[in-house]
Amino acid sequence: MKITKVCCQGCGADLQVDESVRYVTCNYCHARLEVVHDTSVTHTRLMEKIHESTQRMAGNLQVIELQNDLERLDREWENRKEGFMVSGKHGRHLPSTGGSIFGGVVGIGFGIFFTANSANMGAPPIFPLFGLLFIGIGIYTMFNGTSKAGAYQAAEREFQQRRASLVRQIDAARRV
């Protein structure tokens, strides 16, 4: 068994270790050391520095994982938001409660106007029924649109809460 003289990286004291030793504690400063047996030289490394580096890398990895979660959440939200889109005369847009109520009121108003005018003009009985159809479409538009707008708003609140939570976790992980 070969005994090798090494230097403590904590206090500089001389230590004697045999070639089978991998870890040692300094008798003088009580630093925990790793004994590194390279091909040409044997030396020591402070375990605390290795531990600090490992902790820093683990923290960085956690930040990267949380950032990936945030990016995935944003992508999923963009896809989910597409499902809430409604089509209008200006293309696709997100539903709004006010727009749905306005559209429904316009449809109902047009249906009432059509029914009243066709009845007053003495049109065949089928024409006033078209007015009732417009009223029904207006009511459906109003309830369906407000329902969809409410579902979108609830989903967006949930997304914003989850996103804010991930951002707080990233900030906390960066501070460590």
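The values are calculated or read from the model by the stated rules, or taken from the named source; none is laboratory data. These figures come from a predicted structure and were not determined experimentally. We place every Cβ from the backbone using ideal geometry, glycine too, and count neighbours over all the protein chains shown.
Couple of notes before you dig in:
- Scanning the range 58-71 for residues that are modelled with pLDDT under 80, more than 30 Å from residue 94 (Cβ to Cβ) and of a type in the set (A, V, I, L, M, F, W, C) turns up at least one hit.
- Pairs with Cβ under 7 Å, 6+ apart, first in the range 161-176 and under 22 Å from residue 57 (Cα atoms), second among the polar types (S, T, N, Q): 170/67; 173/62
- Test: residue 72 is within 16 Å of the chain's Cα centre (by Cα) and either surrounded by fewer than 13 Cβ atoms within 10 Å (Cβ to Cβ) or without any contact (Cβ under 8 Å) to a residue 12 or more places away in the chain (or both): yes
- Filtering the range 75-97 to residues that are surrounded by 11 or more Cβ atoms within 10 Å (Cβ to Cβ) and either part of a helix (DSSP H, G or I) or in contact (Cβ under 8 Å) with a residue 60 or more places away in the chain (or both) leaves 76, 77, 80, 81, 84, 86, 97.
- Near pairs, Cβ below 7 angstrom, 6+ apart or cross-chain, from the range 35-55 (surrounded by fewer than 13 Cβ atoms within 10 Å (Cβ to Cβ)) to any residue that is at pLDDT below 75 and not polar (S, T, N, Q): 36/43; 36/45
- Condition met for residue 126 (of a type outside the set (Gly, Ala, Ser), exposed (fewer than 13 other Cβ atoms within 10 Å of the Cβ) and either closer than 30 Å to residue 56 by Cα or over 16 Å from the mean Cα position of the chain (by Cα) (or both)): yes
- So residue 115, is it in contact (Cβ under 8 Å) with a residue 24 or more places away in the chain, of a type outside the set (Gly, Ala, Ser), in a helix (DSSP H, G or I) and crowded, with 17+ Cβ neighbours inside 10 Å: no
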